[in-house]
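Written below as structure tokens is the structure these notes are about.
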Amino acid sequence: MHSFTYVRPQSLEEASTFLSEHREQARILAGGTDLLVQIQSSSVTPDYIVDIKHIPELNVLSFDETGGLRIGAAVPCFKIWNHHEIAHLYPGLIDAVQLIGGTQIQGRATLGGNVANASPAADTIPSLIVHGAICDVIGRQGIRSIAVQDICIGPGQNALAPDEFLLRFQIKPPSIGFGAHYLRFIPRNEMDIAVASAGASLVLNPDDQTVQYARIAIGAVAPTPLLVIAAGESLIGQPLTNESIDRAARLAAQAAQPITDIRGTISQRKHLAAVLTRRALVKAQERALQSLKGASH
Amino acid sequence: MTEKTPTLDTASESKYRIIGKRVDRYDAADKVTGQAVYGADVHPSNLLYGKVLRSPHAHARILSIDTSAAEALEGVHAVITGADLPSVSDRIVDLGETATSLRYQSDNILAKDKALYFGHAIAAVSATQPYIAEEAVSLIKVEYEILPPVLDVRKAMRPDSTLLHDDIFTDELGQKSTQASNVASHIRHAQGDVEAGFRQADVIIEHEFETTMVHQGYIEPHNATAIYNPSGQITIWCSTQGSFGVRSQTSDVLDVPISSVHVIPTEIGGGFGGKNSIYLEPLAVLLSKKSNNRPVKLTMTRAESLAATGPTSGSYIRVKLGADANGHLTAAKLYLAYEAGAFPGSPVGSAAGSMISEYRISNVLIDGYDVVVNKPRTEAYRAPGTSNAVFAVETVVDELCEKLGMDPIAFRLLNAAKEGDRRPDGPTHPRIGFIETLQAAQSHDHYQTPLDGKYRGRGVACGYWGNWGGRSSVSASMNADGTISLITGSIDLSGTRTTTAMQLAETLGIDLEDIVPQVADTNSVSNTEGTYGSRTTFATGWAAHKLGCKLIDAVKERAALLWDIPVDTVDYEDGCIFSKANRLTFKDISKYLDETGGPLMVSATSFEGGHGPSATTHIVDVEVDPDTGKVDILRYTAIQDVGKAIHPDFVEGQIQGGVVQGIGWALNEGYFYNDEGQLLNANFLDYRMPTFLDVPMIEAVLVEVSNPRHPYGVRGVGEVPIVPPPAAVANAIHDAIGVRLTALPMSPARVLEAVWEQTPSAYLG
Ligand SMILES: Cc1cc2nc3c(=O)[nH]c(=O)nc-3n(C[C@H](O)[C@H](O)[C@H](O)COP(=O)(O)OP(=O)(O)OC[C@H]3O[C@@H](n4cnc5c(N)ncnc54)[C@H](O)[C@@H]3O)c2cc1C
């Protein structure tokens, strides 16, 4: 194991100054549930680890009707699912947040770490994508916003410059008729990495329940989690039927570019991309219908 | 001989005072509070830390090793390579459940001219800190000539295959062949005339099967701490199933007198057969010797444990069974090719002796091959070699039942072996309880309750295992308060301190609280075989019973002296010594020891034979998700002939543990090598053992068909429960979705492929 120096900046400014001075030698530490494992196995060998958990802006967790949801990049998963209003409004996000590891891991693991780590199998990324999440990134040049689907550029690689880090995620308030779901397939019932995963979100028309908006994202079937625009668009204006859901599911499978590795085969993953998309859509529909029902009361 | 009728409810039996009770185990409090001392807790002063350099290649010639940079690193005390091990002869050494040539054992501990598997130890260092040792290892430069890896057992058997060793000549049914080969031996068991048997058959089923290497997956990785003192005395602390095995193997490999090796076993965090052989012990000793006699500790990581300590064989198996229209088995032809790993010694022999032994078949031909491949040397794993072989046999039996339209239990009852029947490999069955397990299964609520629901299925499979007896030693000293210190050489993996003490207490008629059992080191008790072969409660328990008889004789003598009467007028019953005029409790005699000759100490050994084989019947219900290939275990019942359950909790624990490991083997466990022979899943994330969420409560049904050859009727119980699960699950999957899987593990990907083959339109990709 490589030895390193631990630093704990107290402000955004302090953190970005340190990062721009040390760039590639420094690694950000949030919950450490990926980073510490990587350091221990010597797959990364930073000279500095920069703990960003003590910067106030990274710990924001709030919702309001106009601004929507804001989650600081260093907020641990358990705080998200423990927040009743957020859990009620975004069950499709909670699906993902509650899948990561187990209770102990969720006490530490963050959205920022999950996204920045850029694993093709990261559970929160497809869910964030279908929620249309935007991420604010801060660096020496100031703050810029990136859509979550644009953050991962390859396995373990993200689009941030060496002096940049993730500040917070923002998601719009859910519209009436909105529903989302995320699920993954693992061979066991817990403590595993997705062989394939899928997230879906929908907005149903209050009048005829046709699809006004749909987004589908799949995970662990390509070098990065994928937003499959064609699959979502195929549903727009359509009623949700077995046929339309199947068509979208097959479009998702077609977009998948999986590999065969220790966790799965190409054909298994393509097939699962379709199966999971179908299941994600069915559950998203159920939630969307509940939202419509809630609004009509 | 009057046979005891099997009882299902041990609690109701009142013949014994202590045996059969669910008493607290002696080691429980220490283990749940973290006080128990494991190998990693041993910290002699001046301790140095060792680390092993391992081969990144599956097959490579070692051209040179340059250790100079490692030696120059500050904090490094010693570096050793294969050249530091003495050259040893070719004689066969006992590894507990397996045996090997001493030279192979030495070569496995440190490679000499060739690295034979990914993870093969090449060199080792000692340093003041673990991280320095790690860095030192990375500074060792090894020049390799990479050779083509031999990874597939059938390819390895071809005459034109690359050879691992140029000095292995197939032992062909006892004759050495003249051409070097990867096939170390070919064994055969033949009875009757199989071809004639198949001519009598109305239904014949034949299938080929493939299974992958799996690991025991004990929670505590191998470790060893050793001191080589200047006079040549060696002390080793380690986690092992057999301290005497560590002593003899270390003495063999290092070519030092056995009396110079003192092994102190620590508590053990699981073994399942994987902790019989030594790996680290000679390295720690040599490093200590080269480090000015400072103690050196070596501890494997999980990755090292998976990559470089014995898993059990992957295999290629063919099974052909014939039965007549009435359901009688007429012939069995079995072919087994087992991966031994890098050195000969797979469990193909024990597989051949147990895979079909619970059935009565007149015509049997079993051919078994022990084949070296560039993978870690295999070691015993719970009923070595049998689960994968039974997966094959019981799948074919299930299909026979299907074709004959017979109930799987009725079919097995018709063909079940019993006392006096001959096993295909020669021995005649003593009293066994296979039929009783089938009867209990037939009437069990699980079998009687219909299984409803789509994609759900039920499977039945059986298993047999011979068990082992062997050598055990115990001693007892009476303390001033009349309690007994009981010393055993048997490593306690599963509560055997307690079951040994229970048998002693039962014999003596005293309270269990009056016995304090302890597992001793190799200088404190006589030779005791390792805790393997389901032998300890049987054999060490037998020694404890003999010890009790000797103690009774001893206290009777003391009482005779005290009362000044002839010893034959003294009697003993229910913990009391008495004559016509006198009476003392067993404990009371402690007050009179000095008057009757001083301290009281007795020892006993056992080497009796007479171990009773185990048979078992398992029933499992599964639900298959045909869209994802995932198999969920809904209900599992294991009905086993356990002889006499000395401590029913422990027996149930053995059965549940064996079943869970068997479910892992069935569904997701398996070594995953790339084409270069590198192990890609040497961690518990991708080597998928079941978690608690993956198994239901396993119901263990104890059928007690007493072993007439043991004082308390004990049979081994620990191994046979792992035998049927892969077959039972496969049969249940077939019942659920109509596909037969013939490869282990039956992972979701494999289930899906079988579904797609059956229904191509099910593929959505
Ligand atoms: C037992 C176990 C189970 C797990 N199970 C799952 C699972 O089911 N699903 C899953 O998706 N993952 C799982 N993981 C992986 C891990 O827990 C998640 O990816 C987690 O979300 C990472 O968050 P973290 O805060 O711990 O990240 P860290 O380990 O602190 O950081 C991860 C990476 O992101 C970088 N980073 C962190 N924060 C920022 C930031 N604000 N800006 C820029 N870079 C940043 C770090 O430098 C590092 O490279 C598991 C891990 C373990 C140990």
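With the requirement that a residue be open to solvent by 10 Å² or more (accessible area, probe 1.4 Å) and more than 22 Å from residue A:77 (Cα to Cα), what does the range A:164-187 give you?
Across the range A:164-187, the qualifying residues are A:164, A:175, A:176, A:178, A:187.
Got a sec? Which of A:214, A:161 is open to solvent by less than 50 Å² (accessible area, probe 1.4 Å) and touching a helix residue (DSSP H, G or I) at 6+ places or on another chain (Cβ under 8 Å)?
It is A:214.
Which ones in the range B:343-382 are under 27 Å from residue B:328 (Cβ atoms), in contact with a helix residue (DSSP H, G or I) (Cβ under 6 Å, 6 or more places away or on another chain) and open to solvent by less than 10 Å² (accessible area, probe 1.4 Å)?
Result: B:351, B:354, B:355, B:356, B:358, B:359, B:366, B:368.
If I filter the range B:604-640 down to residues being more than 30 Å from residue B:445 (Cα to Cα) and in contact with a Leu (Cβ under 7 Å, 6 or more places away or on another chain), which single residue comes out as farthest from the other protein chains (Cβ to nearest Cβ)?
B:604
Among the residues of the range A:50-102 satisfying the criterion of being acidic (Asp, Glu) and within 16 Å of the ligand (Cβ to nearest atom), which is farthest from the other protein chains (Cβ to nearest Cβ)?
A:57
Please find, within the range B:138-152, the residue that is farthest from the other protein chains (Cβ to nearest Cβ) out of those that are surrounded by fewer than 23 Cβ atoms within 10 Å (Cβ to Cβ) and touching a helix residue (DSSP H, G or I) at 6+ places or on another chain (Cβ under 9 Å).
Filtering first and then ranking leaves B:141.
Just to be sure I understand the filter: pairs with C-beta atoms under 7 Å, separated by 6 or more residues or on different chains, first member in the range A:157-169 and more than 20 Å from residue A:21 (Cβ to Cβ) and assigned to a loop (DSSP other than H, G, I, E, B), second member more than 7 Å from the ligand (Cβ to nearest atom) and open to solvent by less than 10 Å² (accessible area, probe 1.4 Å). Which pairs pass?
So the pair list comes out as A:159/A:151.
Check residue A:215 against each of (1) more than 14 Å from chain B (Cβ to nearest Cβ); (2) within 19 Å of residue A:151 (Cβ to Cβ); (3) without any contact (Cβ under 8 Å) to a residue 40 or more places away in the chain and name the one condition it does not meet.
Here residue A:215 clears every test but (3).
Quick one: in the range B:478-502, of everything that is β-branched (Val, Ile, Thr) and in a strand (DSSP E or B), which residue is surrounded by the fewest Cβ atoms within 10 Å (Cβ to Cβ)?
Here the residue is B:487.
Report, by residue number, each residue of the range A:140-156 that is open to solvent by less than 10 Å² (accessible area, probe 1.4 Å) and either at pLDDT below 95 or assigned to a helix (DSSP H, G or I) (or both).
A:148
For the range A:162-203, name all the residues that are farther than 22 Å from residue A:275 by Cα and away from the ligand (no atom under 16 Å from the Cβ).
A:171, A:172, A:173, A:174, A:175, A:176, A:177 - these are the residues of the range A:162-203 that are farther than 22 Å from residue A:275 by Cα and away from the ligand (no atom under 16 Å from the Cβ).
Could you tell me which of the residues B:105, B:129 is crowded, with 21+ Cβ neighbours inside 10 Å and touching a Phe, Trp or Tyr at 6+ places or on another chain (Cβ under 9 Å)?
After ruling out the rest, the residue left standing is B:105.
Against the conditions (1) on the phi < 0 side of the Ramachandran plot; (2) open to solvent by 10 Å² or more (accessible area, probe 1.4 Å); (3) touching a strand residue (DSSP E or B) at 6+ places or on another chain (Cβ under 6 Å), where does residue B:321 fall short? Just the number, please.
Of the numbered conditions (1) on the phi < 0 side of the Ramachandran plot; (2) open to solvent by 10 Å² or more (accessible area, probe 1.4 Å); (3) touching a strand residue (DSSP E or B) at 6+ places or on another chain (Cβ under 6 Å), the odd one out for residue B:321 is (2).
I'd like to verify a number: residues in the range B:634-673 that are open to solvent by 10 Å² or more (accessible area, probe 1.4 Å), acidic (Asp, Glu) and touching a strand residue (DSSP E or B) at 6+ places or on another chain (Cβ under 7 Å), how many?
1
Residue A:207 fails exactly one of the following numbered conditions: (1) open to solvent by 30 Å² or more (accessible area, probe 1.4 Å); (2) of a type in the set (Asp, Glu); (3) within 12 Å of the ligand (Cβ to nearest atom). What is the number of that condition?
Status for residue A:207: all satisfied but (3).
Do you know which of the residues in the range A:103-133 that are near the ligand (Cβ under 6 Å from one of its atoms) and in a loop (DSSP other than H, G, I, E, B) is most open to solvent (accessible area, probe 1.4 Å)?
Per the criteria, the residue is A:108.
From the list B:748, B:725, exactly one residue is open to solvent by less than 40 Å² (accessible area, probe 1.4 Å) and at the interface with another protein chain (Cβ under 10 Å from one of its Cβ atoms). Which is it?
Exactly one residue qualifies, and that residue is B:748.
Taking the conditions exactly as written (within 14 Å of chain B (Cβ to nearest Cβ) and within 11 Å of the ligand (Cβ to nearest atom)), does residue A:37 satisfy them or not?
Yes: the conditions hold for residue A:37.
Given the residues A:80, A:71, A:100, A:94, which is the only one that is assigned to a strand (DSSP E or B) and within 15 Å of the chain's Cα centre (by Cα)?
Among A:80, A:71, A:100, A:94, only A:71 is assigned to a strand (DSSP E or B) and within 15 Å of the chain's Cα centre (by Cα).
Quick one: residue B:505 ticks every box in (1) part of a helix (DSSP H, G or I); (2) closer than 29 Å to residue B:386 by Cβ bar one, so which box is it?
Of everything listed in (1) part of a helix (DSSP H, G or I); (2) closer than 29 Å to residue B:386 by Cβ, residue B:505 misses just condition (2).
Have a look at B:267, B:339 and point out the one that is crowded, with 24+ Cβ neighbours inside 10 Å and either farther than 24 Å from residue B:726 by Cα or not hydrophobic (A, V, I, L, M, F, W, C) (or both).
After applying the criteria, what remains is B:339.
Would you confirm whether any residue within the range A:19-30 is within 30 Å of residue A:175 (Cα to Cα) and either buried (at least 17 other Cβ atoms within 10 Å of the Cβ) or within 11 Å of the ligand (Cβ to nearest atom) (or both)?
No: zero hits.
Give the residues of the range A:198-217 that are within 18 Å of the chain's Cα centre (by Cα) and either farther than 19 Å from residue A:157 by Cβ or not in a strand (DSSP E or B) (or both), sorted by residue number.
Within the range A:198-217, A:198, A:199, A:200, A:201, A:202, A:214, A:215, A:216 qualify.
Table: residues versus (1) small (Gly, Ala, Ser); (2) part of a strand (DSSP E or B).
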| position | (1), (2) |
| --- | --- |
| B:198 | no, no |
| B:205 | no, yes |
| B:216 | no, no |
| B:219 | no, no |
| B:225 | no, yes |
| B:236 | no, yes |
| B:245 | yes, no |
| B:248 | yes, no |
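Which residue is farthest from the chain's Cα centre (by Cα), if the candidates are limited to the range B:685-712 and must be at pLDDT 95 or above and among the aromatic types (Phe, Trp, Tyr)?
Here the answer is B:712.
Scan A:178, A:185 and give me the residue that is away from chain B (no Cβ under 14 Å) and either closer than 20 Å to residue A:92 by Cβ or hydrophobic (A, V, I, L, M, F, W, C) (or both).
A:178
Residue check: is residue A:47 in contact (Cβ under 8 Å) with a residue 40 or more places away in the chain and either under 25 Å from the mean Cα position of the chain (by Cα) or open to solvent by less than 10 Å² (accessible area, probe 1.4 Å) (or both)?
For residue A:47, the condition - in contact (Cβ under 8 Å) with a residue 40 or more places away in the chain and either under 25 Å from the mean Cα position of the chain (by Cα) or open to solvent by less than 10 Å² (accessible area, probe 1.4 Å) (or both) - is not met.
The values are calculated or read from the model by the stated rules, or taken from the named source; none is laboratory data. Keep in mind that this is a model prediction, so the values were computed, not measured. Because the Cβ atoms are built from the backbone with ideal geometry, glycine has one as well, and the counts that use them run over all protein chains shown. In case anyone asks, the SASA skips ligands and DNA or RNA and just uses the protein heavy atoms, side chains included. Shrake-Rupley method; radii C 1.70, N 1.55, O 1.52, S 1.80 Å.
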